[in-house]
1. What nm distance separates the two modelled labels at Leu55 and Val42, each placed 7 Å from Cα along Cα→Cβ?
2. Among (1) 66; (2) 124; (3) 100, which one is volume of the Cα convex hull per residue in Å³ computed from these coordinates?
3. Any chance you could give the angle, 0 to 90 degrees and rounded to 10, that helix 45-55 forms with the longest Cα principal axis of the chain?
Amino acid sequence: METSEPQDYVPSPCIRRCDLDRKRQSCLGCKRLLEEIMRWGVMTPDERRAVWARLGRPIPDRP
C-alpha cells in the first residue's frame with residue numbers, strides 16, 4: 001500500500017533559529033508573527049499559503 005501526504009500539505013516556514021522580537025511580536029528567524037506561529041497547527045492550507053505569501057518567500061518543494 002502506498003502512503004502519501006495530503007495534497008494540501010504546506011510546510012512550516014520555521015528554520016529552527018527561533019528568537020522572538022518582542023517589539024514586533026515576530027520570530028527573527030522565520031519572520032512569522034507570534035500569532036501565526038501559535039495558530040500554525042490549526043490553520044487551513046490556504047491560511048498557511050497566505051503566511052508564506054506575506055513572508056515573500058516561495059513555498060519549498062517537498063523533500
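1. Between Leu55 and Val42, the simple spin-label model gives 2.1 nm.
2. Label of the calculated value: (3).
3. 40 degrees
Any read-out appearing in this document is the output of simple, stated calculations on the displayed coordinates, not a laboratory observation. Because the structure is a prediction, the values reported are computed rather than measured. As a convention, Cβ positions derive from the backbone with ideal geometry for all residues, glycine included, and neighbour counts pool all protein chains shown.
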